[in-house]
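S.K.: Sharing a structure here in structure tokens format.
What follows draws every value from the coordinates through simple rules; no lab data is involved. Remember, predicted model here, so these are calculated numbers, not experimental data. Positions of Cβ are backbone-derived with ideal geometry, glycine not excepted, and every protein chain shown enters the neighbour counts.
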Amino acid sequence: MATTKKPVKKAVKRSASKRVSKPKVVKLESFKAQKETKPFMTFKVTEQTVYWLTVVLMVFLLGIWVLNIQMDVTELLDNIQYTY
């Protein structure tokens, strides 16, 4: 007796279809010259100004500190060299 297997149908889960909205088409425009709202050479202190001044001051002080340490080490090595 030959047994024949019946094909087993697998249940396919289908998720609820969601509507996909199409992206809005944006019309591309070339750059256009804009009138200045304030003069170019104006100076206004902002948070970024304070931030950058602080960073520059810290870098400057770090450079002075490193140079001071370098001069101390050079002086120490010179003293060691002259004693021997």
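S.K.: Taking region 27-58, which chymotrypsin sites (Phe, Trp or Tyr not before Pro) meet the DSSP loop condition and have no more than 12 other C-beta atoms within 10 Å?
M.R.: Numbers: sites: Phe31, Phe40, Phe43, Tyr51, Trp52; in loops: Phe31, Phe40, Phe43.
Hits after loop and neighbour filter: Phe31, Phe40, Phe43.
S.K.: Sorted from fewest to most neighbouring beta carbons within 10 Å, what does the list Met41, Met58 look like? Working shown, then result.
M.R.: Details: Met41 5, Met58 10.
Exposure proxy ranking, most exposed first: Met41, Met58.
S.K.: Tell me the label-point distance for the pair Arg19, Val59, using the 7 Å Cα-to-Cβ offset, in nm and rounded to one decimal.
M.R.: Taking the simple label geometry, Arg19 and Val59 are separated by 5.5 nm.
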